[in-house]
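What follows is a single structure, written as structure tokens, with notes after it.
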Amino acid sequence: MNLKNKIVALGIVACFLAGAASLAAQERGSVRGLVKDSDGNTLENAKVTIAGALIPRGRDYLTKKDGVFLFQAIPPGTYTVLVIHPQMMDFTVEVIVSLDRQTTVNVPMTAVGRAAEEITVQAVAPLVDLRSTEVSSNWHKDLIEHLPMGRTYASLFQLAPGVADNRDFAPNAGGNKQDNVYLYDGSNITNPLFGYLGANFSELDIQEVNIKRGGITAEFGRAAGMVTNAITKSGSNRVTGSFRFVYEPSAFTAGFRDPNIVTKYNQNAPAIGIGGPFIKDRLFWYVSANLP
């Protein structure tokens, strides 16, 4: 291979890796923090561990002189962060990682002998992402499952600030319908011609959804309206799942005796999702099925 071909090959690989990194950022969140002592001095050689149901083996980080730690590409969920230093008391905090956001944790450690043996903080959530000027909202599966709305990914568009359900095949978010971008696990599923979903999915599979309405970065391409990104559930060390069966008899439809009604048939909508471990702490599975 000559020099020119090598340069081209390296360029292709670089573009692929950059695209993969961008996609990972869209599917995950991050946790960043600063470890200090009670006098405000940064602490070196503090071991920081993050672990949770989706990362049961955990990840470790050893702080340097600046006392900063950073965990990237963390699946959305709730995790426990443990900070250990040989001269300080252990510090534990529960953090909530959200899709495409960074959770900031400040760790004030106390010298051994000054107080209790361990300091525990209840929870830290990413209320404001200081890294970005994007106007975005995150919605977790627990809220999605209890809201009185449709049971599809498309129904989640009603959660977008300032976007109303216009009974059309694609919502208008302040611009042309083709100005919207719909992602599913970071993959673009937008119909390029008419601006609607190229495919629809059951909300039963969704772990979290992120909706952007302003200041949208260039990585999402042409998006003058809104960008929605739904992340699917994954397995863990426990076998868990959910099942739903919606039955709508024709008699429940107002005016069912009117001959102008298009259909008088009963409607059924079953859906199931279940996940668990292949290899404990290492490899997980999740499967689902639904009948729209």
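If you plug each phi of segment 233-248 into the Karplus form 6.51 cos²θ - 1.76 cosθ + 1.60 with θ = phi - 60°, what whole-Hz ³J(HN,Hα) values come out, in order, with x for Gly and Pro?
So the Karplus estimates, Gly and Pro as x, are 5, 9, x, 8, 6, 9, 7, 9, x, 8, 9, 9, 10, 9, 10, 10 Hz.
Which pairs in the list Lys64/Lys233; Lys233/Lys280; Lys47/Lys233 are over 25 Å apart, alpha-carbon to alpha-carbon?
Correct reply: Lys64/Lys233; Lys47/Lys233.
If r is the Cβ-Cβ distance from Thr110 to Asn237 and R0 is 30 Å, what FRET efficiency results, to the nearest 0.05?
Result of the calculation: an efficiency of 0.35.
Based on DSSP, what percent of beta bridges with both residues in segment 29-124 are antiparallel, to the nearest 5?
Bridges in segment 29-124 that DSSP calls antiparallel: roughly 70 percent.
By how many nm would the segment from Ile274 to Asn188 lengthen if fully extended, with 0.36 nm per residue of separation less the alpha-carbon distance?
Using 0.36 nm per residue and subtracting the Cα-Cα distance, I get 28.5 nm.
Assuming 0.36 nm per residue, please report the length gained on full extension of the stretch Ala224 to Lys264 beyond their Cα-Cα distance.
This chain segment gains 10.3 nm when fully extended.
Asn45 to Thr78: FRET efficiency via 1/(1 + (r/R0)^6), r the Cβ-Cβ distance, R0 25 Å, to the nearest 0.05?
Efficiency for this residue pair is about 0.35.
Since every read-out is calculated from the coordinates, none of them should be taken as a lab result. Since the structure is predicted, the reported quantities are computational estimates derived from the model, not experimental observations. Cβ sites come from the backbone with ideal geometry, for glycine too, and all protein chains shown count toward neighbours.
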